[in-house]
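Visitor: Please read through the structure below; I'll follow up with questions.
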Amino acid sequence: MYDNNSLVGGSPEQQINEQVIIVQLLVIIFLCINLLLVITFFKKEYFYTTTRYILFAVTLLSDSFILFMSDVLLILTYYQITTMDVWLCIIISVAVFLYLMVTPVTLTAMTLERYVAICMPLRHGELCSTRSTVYCILIIHALSSVPCIVILSTFFASAHLSFYTQYRICTVEIFILYTWQDHIRSAVHQFYFLMMCITIVFSYVKIMTVAKAASGEDKKSTWKGLRTVILHAFQLLLCLFRLWCPLIEAAVLQINFRIFNKVRYFNYIMFSLAPKCLSPLIYGLRDEMFFLELKKYALFGLYKRITEKGLS
């Protein structure tokens, strides 16, 4: 994978091993599920005019893009044909760096939306209107672009002009020419996730307070929102672990290359693919309204016809 969590393959003559096949199956399954969810999102007006569903669609599109790009680069890496001009790698990197951050930042925004809906219900319509959501998406992309700008700015300030015309394997390491650049990159990411964790904890505490004071249907709805916040926190935790993977892999590489391959494969499955399947679980399956629409389109209208026949 592009962000140093990919597999390391052998020669071009090697047969595709079972690890690569497993990855392909998982990626295809997740992409198909995400595509079905995106289609369902655009089929009902309520979904694309409601903040939490719009933000959900943003995470689906972001995750799908990263899944596709990481899988393509993984296959190229396996066959050792990822050598390209550095300038071309930079163009690819801008998009990948950006959308690696869009998902966790969007998850944080979704947590705040749940906080507003439960703790500030009278202002929810005002703060979470369709126009406000559009502004929110722009802010999400602006915030997500900061780490990309920092990484590439330090690279541009350090690299010689001749470096851009060289052929290199397109990985994040080519942008780290000096140790201090790696420290800056790590510091920016750790700061972002610290802010996200603070937001999650703040929202959790506030929603918990409301949950204890609520009663009846309000209590049920509040506890459901609380569980959603917990799932967001778990997903962000997996994203944070992904930042630590390169450090762990670098240490293992010094010990044994075979173990290094196994650790990198495990990291890719657990901390790159696994978080991508949580968004469908959190909203696509747990949300009753979205799940009903999903069933209709997943069964190509069969569910709707059976329902109408039963009512007649």
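The values are calculated or read from the model by the stated rules, or taken from the named source; none is laboratory data. On a predicted model such as this, the values are computed, not experimentally measured, just so you know. FYI the Cβ positions are ideal-geometry reconstructions off the backbone, even for glycines, and counts take in every protein chain you see. Accessible surface is based on the protein model in full, side chains and every heavy atom, while ligands, DNA and RNA are left aside. Shrake-Rupley method; radii C 1.70, N 1.55, O 1.52, S 1.80 Å.
Visitor: Could you grab the pairs with beta carbons closer than 6 Å, sequence gap of 6+ or different chains, first residue in segment 98-119 and under 18 Å from ASP287 (Cβ atoms), second one of a type in the set (Gly, Ala, Ser) and at pLDDT below 90?
Guide: THR111/SER203; ARG114/GLY225; TYR115/SER203; ILE118/GLY225
Visitor: Do we have any residue at all in segment 253-260 that's charged (D, E, K, R) and either in a loop (DSSP other than H, G, I, E, B) or open to solvent by 10 Å² or more (accessible area, probe 1.4 Å) (or both)?
Guide: There is at least one residue in segment 253-260 that is charged (D, E, K, R) and either in a loop (DSSP other than H, G, I, E, B) or open to solvent by 10 Å² or more (accessible area, probe 1.4 Å) (or both).
Visitor: Being β-branched (Val, Ile, Thr), open to solvent by 40 Å² or more (accessible area, probe 1.4 Å) and closer than 17 Å to VAL96 by Cα is the filter here, so list the residues in segment 151-175 that pass it.
Guide: Selection gives ILE169 alone.
Visitor: Moving to a separate point now. Any chance segment 205-228 includes a residue that's under 22 Å from MET101 (Cβ atoms), of a type outside the set (Phe, Trp, Tyr) and open to solvent by 80 Å² or more (accessible area, probe 1.4 Å)? Spell out how you get there, then give the answer.
Guide: So the first thing to find is which residues in segment 205-228 are under 22 Å from MET101 (Cβ atoms), and the list is 228.
Remaining after also requiring of a type outside the set (Phe, Trp, Tyr): 228.
Pick out the ones that are also open to solvent by 80 Å² or more (accessible area, probe 1.4 Å) and you get none.
No, segment 205-228 contains no residue that is under 22 Å from MET101 (Cβ atoms), of a type outside the set (Phe, Trp, Tyr) and open to solvent by 80 Å² or more (accessible area, probe 1.4 Å).
Visitor: What are the pairs, 6+ residues apart or on separate chains, where a residue within segment 270-294 that is over 12 Å from ILE33 (Cβ atoms) and free of Cβ contacts under 8 Å to residues at least 24 places away in the same chain has its Cβ under 8 Å from a residue that is β-branched (Val, Ile, Thr) and surrounded by fewer than 21 Cβ atoms within 10 Å (Cβ to Cβ)?
Guide: Close Cβ pairs satisfying both conditions: none exist.
Visitor: Restricting to segment 1-28, name every residue that is β-branched (Val, Ile, Thr) and either within 16 Å of TYR268 (Cα to Cα) or modelled with pLDDT of 85 or more (or both). It would help to see each step written out before you state the result.
Guide: Restricting attention to segment 1-28, the residues satisfying the condition of being β-branched (Val, Ile, Thr) are 8, 16, 20-23, 27-28.
Selection gives VAL8, VAL20, ILE21, ILE22, VAL23, VAL27, ILE28.
Visitor: In addition: With respect to LEU138, determine if the residue is open to solvent by 50 Å² or more (accessible area, probe 1.4 Å), within 28 Å of LEU31 (Cβ to Cβ) and either aliphatic (A, V, I, L, M) or at pLDDT 85 or above (or both). Talk me through it step by step, then tell me what you get.
Guide: Working: open to solvent by 50 Å² or more (accessible area, probe 1.4 Å): yes; within 28 Å of LEU31 (Cβ to Cβ): yes; either aliphatic (A, V, I, L, M) or at pLDDT 85 or above (or both): yes.
Judged against the criteria, LEU138 is a match.
Visitor: Within segment 126-135, can one find any residue that is surrounded by 18 or more Cβ atoms within 10 Å (Cβ to Cβ) and within 30 Å of ARG227 (Cα to Cα)?
Guide: Yes; the residues of segment 126-135 include at least one that is surrounded by 18 or more Cβ atoms within 10 Å (Cβ to Cβ) and within 30 Å of ARG227 (Cα to Cα).
Visitor: I need the full set of residues from segment 233-252 which are surrounded by 14 or more Cβ atoms within 10 Å (Cβ to Cβ), over 28 Å from LEU281 (Cα atoms) and either among the hydrophobic types (A, V, I, L, M, F, W, C) or at pLDDT 75 or above (or both), in order please.
Guide: Hits for segment 233-252 are ILE248, VAL252.
Visitor: For a quick check of your reading of the model, give me the residue pairs whose first member lies in segment 195-220 and is under 18 Å from MET110 (Cβ atoms), whose second is modelled with pLDDT of 85 or more and open to solvent by 50 Å² or more (accessible area, probe 1.4 Å), with beta-carbon atoms closer than 7 Å and at least 6 apart or on different chains.
Guide: THR199/LEU112; SER203/LEU112
Visitor: Next up: Could you tell me which residue of segment 28-55 is surrounded by the most Cβ atoms within 10 Å (Cβ to Cβ), considering only residues that are within 17 Å of the chain's Cα centre (by Cα) and under 16 Å from TYR297 (Cβ atoms)?
Guide: Result: ASN34.
Visitor: Residues to consider are TYR265, TYR303, TYR297; find the one that is open to solvent by less than 80 Å² (accessible area, probe 1.4 Å), modelled with pLDDT under 75, in a helix (DSSP H, G or I) and closer than 24 Å to LEU60 by Cα.
Guide: TYR297
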